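The values are calculated or read from the model by the stated rules, or taken from the named source; none is laboratory data. In this text, all values refer to a predicted model and were calculated from it rather than measured experimentally. All Cβ positions, glycine included, derive from the backbone under ideal geometry; neighbour counts span all protein chains shown. These accessible areas exclude ligands, DNA and RNA; they are computed on the full protein's heavy atoms, side chains included. Shrake-Rupley method; radii C 1.70, N 1.55, O 1.52, S 1.80 Å.
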Amino acid sequence: MASRVSIIRNARVLTLDEVDSDHARSDIVIDAETIVAVGQDAGAAYAGGDVTVIEAEGMLAMPGLVNAHLHSPGNFLKAAIPNLPLELFMLYEVPPFMPHPVSARYAYLRTAWGAAEMLKQGVTAVHDDAFFLPGVTDEETESVMAAYTDSGIRAAVTLDQPNVCEYEKYPFLEELLPAEIRGRMAATTPVDEAELLAAYADFIGRWGTCHERRVGTAVSCSAPQRVTPTYLQALSELSRRHDIPHNMHILETRLQRVFGDAVLGRSLVRYADELGVLDERAMVIHAIWIDDDDIELLAASGCTVAHNPVSNLKLGSGVMRWRALHDAGIPIALGTDEATVDDGINVWTQLKTAGLIHNISDPDPERWPTATEILRAATGGGARAMRLGEMTGRLAPGYAADIALIDMDSVAFTPLGEIRRQLVYCEPRAAVDTTIVAGEVLMRGGKLVGVDEAALRAEVGECAAELASYLEGTRAGVAELEPYYREMYRRSLAHPIPMSRWVGGPI
């Protein structure tokens with residue numbers, strides 16, 4: 001069978017390879033799904049052959065962005081919930097008494113709409129920590145995977161499903177709740193470990209891994225305190241067996257630091273390490289309320305940390321210790337988190353926010369993130385978190401042709417200055433012209449290829465009634481439960497811990 005050769009011709013190429021090569025005028029030669037050559041006139045050897053040529057004069061070619069952390073079930077929930085601390089915010093979005101799952105079509109459309117939004121920004125891969133309310137169903141998981149497959153984006157998807165009672169996930173909550181509510185929470189405890197592991201066995205068996213196909217699987221404990229220790233270890237074993245990522249939210253909030261102190265008697269990082277689940281496949285999400293000992297454990301494990309700066313601001317979670325993590329050799333990836341906390345899936349905004357927020361956490365400008373570091377986090381860092389670090393995340397021979405072409409004749413690049421800083425700080429979302437995944441052009445001229453965007457938008461609009469029903473279901477128990485969660489939050493603030501990650505100083 002003949003090879004399928006494509007040439008991106010005469011682009012400026014930012015490779016983000018190990019030496020940060022930047023070609024002022026270059027070709028990129030793609031054979032099927034893989035880059036085979038990068039360089040000036042590299043496509044000349046194929047002149048006259050049966051090739052597809054993408055003229056890229058005036059374009060910047062760079063590795064496609066990787067959204068290292070998303071919860072796609074929140075894709076329809078932009079601006080749906082007020083700014084609140086995570087523990088109160090989750091009460092509005094993922095309450096303990098969620099009545100019923102969404103329809104399969106709803107799940108498909110919300111995933112497809114999110115994939116379209118990302119592809120239009122030059123995002124070529126997403127790590128989706130998908131949760132399912134009130135539990136995992138074949139219909140919903142198949143809809144999510146089908147939507148990603150149809151979109152063409154590269155995706156790793158989990159079944160994010162806690163398996164302990166609601167009040168066991170938090171400090172102080174059990175004693176604050178009336179007995180009647182505690183009883184109802186205990187009665188709605190998620191499915192047991194054996195069922196969840198059976199669901200994972202089926203899920204991985206049907207969809208495989210991202211090493212094998214464009215859309216594959218990962219595992220998720222949600223957070224170590226949200227699952228039983230044996231289930232947490234079983235997920236880690238699945239991750240090892242299949243070489244797939246293991247998602248775990250750790251120390252996102254101060255309250256979670258208090259949980260470790262008051263309930264476990266140790267940091268949640270140390271707890272995870274003692275259970276043997278911190279390793280090079282682990283993606284530790286947020287990692288804000290960490291101390292130096294935690295950083296040593298994370299560095300020794302080989303894990304990646306997913307940084308979600310806009311989410312951290314929206315929820316008031318705090319400022320992650322970027323430089324301390326980076327200097328310890330811990331790879332950092334960038335994610336949007338869910339649309340509920342980003343109020344969109346705005347990947348370029350993550351770059352700009354990451355490039356700014358850390359400047360107010362350290363007076364030494366030598367310790368602020370550089371534009372190149374942020375670009376690497378948004379590309380190669382995410383690829384590493386997805387276990388694809390030797391496959392995508394840079395433009396070099398042997399790597400997958402996951403490429404964004406950005407129009408430099410646009411507002412963000414006029415006048416043209418230092419290109420890396422313009423990518424990070426000028427938010428060039430509107431300048432993304434072409435998105436290529438595994439050698440396949442999925443967007444050209446700012447328009448998705450093979451997708452009727454207007455028809456998709458109209459069908460998403462038809463989900464309004466089901467969305468309203470979903471929100472009504474999530475909010476049904478808020479009035480009843482919120483006073484107890486607020487008191488839990490206040491009590492956690494009164495519990496002393498030896499650190500602050502808030503900009504305003506120690507509390």
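Gap in Å between the Cα centre of region 269-312 and the Cα centre of region 11-58?
Measuring centre to centre over Cα atoms gives 37 Å.
Kirkwood-based Rg over Rh for region 33-165 (C-alpha set), two decimals? It would help to have the intermediate numbers written out before the result.
Values: Rg = 19.9 Å, Rh = 17.7 Å.
Looking at region 33-165, the ratio lands at 1.13.
Expressed as a rounded percentage, what relative contact order does the chain have, with Cα pairs under 8 Å and six or more residues apart? Intermediate results must be reported in sequence, preceding the final value.
Details: 1075 pairs, mean separation 106.5, N = 507.
Over the chain, the number comes to 21 percent.
Can you give the net charge of the other residues whose Cβ lies under 13 Å from the Cβ of Pro101, counting K and R as +1 and D and E as -1?
Working: positive: Arg105, Arg110; negative: Asp138, Glu139, Glu140, Glu142, Glu466.
Net local charge, Pro101 excluded: -3.
If you consider only alpha-carbon coordinates, what radius of gyration and Dmax does region 147-262 have, in Å?
Reported Rg and Dmax, both Å: 16.5, 50.
Enter the accessible area per residue of the chain (Å², integer; probe 1.4 Å; all protein chains in place).
Numbers: 18530 Å² over 507 residues.
Result: 37 Å² of accessible area for each residue.
Which far-off residues, 5 or more places away or on another chain, put their amide H under 5 Å from the one on Val227, with H placed in the peptide plane?
Residues meeting the criterion, in which the H sits 1.01 Å from N, are Asn163.
What's the Cα-based Rg to Rh of region 8-54, Rh via Kirkwood?
Details: Rg = 10.8 Å, Rh = 11.1 Å.
Computed over Cα atoms, the ratio is 0.97.
Which values of log₁₀ I(q)/I(0), to two decimal places, follow from the Debye formula for the chain at q = 0.11, 0.12, 0.13 Å⁻¹ with a uniform point scatterer at every Cα?
Taking Cα atoms of the chain as identical point scatterers yields -0.91, -1.08, -1.27.
What FRET efficiency comes out for Glu390 versus Ala179 if R0 is 45 angstrom and r is the Cβ-Cβ distance? Round to the nearest 0.05. Walk me through the intermediate numbers first.
On the way: r = 55 Å, r/R0 = 1.21.
Between Glu390 and Ala179 the formula returns 0.25.
Quick one: 3J(HN,Hα) in Hz for region 169-174, Karplus 6.51/-1.76/1.60 with θ = phi - 60°, rounded, Gly and Pro as x.
7, 10, x, 6, 5, 4
If packing is taken as the mean number of other Cβ atoms within 10 Å per residue, what is the order of 145-158, 320-333, highest first?
Working: 145-158: 23.4, 320-333: 19.9.
Highest mean packing first, the order is 145-158, 320-333.
List the aspartates and glutamates whose Cα sits under 13 Å from the Cα of Lys447, skipping any in the same chain fewer than 8 residues away.
Within reach: Glu117, Asp433.
Any chance you could run the full-extension gain for Ala186 through Asp202? It's 0.36 nm times the residue separation minus the Cα-Cα distance, nm to one decimal. Don't skip to the answer; put the middle values down first.
Details: separation 16, 0.36 × 16 = 5.76 nm, distance 2.74 nm.
Extra length from Ala186 to Asp202 when fully extended: 3.0 nm.
What percent do you get for the relative contact order of region 384-457 when only Cα pairs under 8 Å and 6+ apart count? If you can, show how the numbers build up before the last one.
Working: 82 pairs, mean separation 18.3, N = 74.
Taking the mean separation of contacting Cα pairs over the length of region 384-457, I get 25 percent.
How long is the gain from Glu139 to Thr230 if the chain were fully straight, where each residue apart is worth 0.36 nm and the alpha carbon distance is subtracted? Present the calculation step by step, with values, prior to reporting the outcome.
Working: separation 91, 0.36 × 91 = 32.76 nm, distance 2.72 nm.
Residue separation times 0.36 nm, minus the Cα-Cα distance, leaves 30.0 nm.
Could the peptides 383-392, 289-298, 412-421, 307-316 be put in order, highest first, of the mean number of other beta-carbon atoms found within 10 Å of their residues?
Details: 383-392: 24.5, 289-298: 19.1, 412-421: 14.1, 307-316: 22.9.
Ranked by mean Cβ neighbours within 10 Å, highest first: 383-392, 307-316, 289-298, 412-421.
Given a 1.4 angstrom probe, I'd like the percentage of the accessible area of region 176-304 that is carbon and sulfur, rounded to a whole number. Don't skip to the answer; put the middle values down first.
Values: 2190 of 4400 Å².
The value for region 176-304 is 50 percent carbon and sulfur by accessible area.
Counting only protein heavy atoms, what percent of the accessible surface of region 4-69 is carbon or sulfur at a 1.4 Å probe? Each step should come with its number before you reach the end.
On the way: 1220 of 2710 Å².
Exposed carbon and sulfur together represent 45 percent of the surface.
What order, most packed first, do the peptides 396-403, 62-69, 278-285, 359-366 have when packing is the mean number of other Cβ atoms within 10 Å of each residue?
In descending order of packing, they fall as 62-69, 278-285, 396-403, 359-366.
Over region 340-408, what percent of the accessible surface lies on carbon and sulfur atoms, probe 1.4 Å? Let's see the in-between values first.
Numbers: 1170 of 2230 Å².
That fraction is 53 percent.
Report the full-extension gain for the segment Thr149 to Leu471: residue separation times 0.36 nm, less the Cα-Cα distance, to one decimal in nm. Mind showing how you got there, number by number?
Details: separation 322, 0.36 × 322 = 115.92 nm, distance 2.76 nm.
Full extension from Thr149 to Leu471 adds 113.2 nm.
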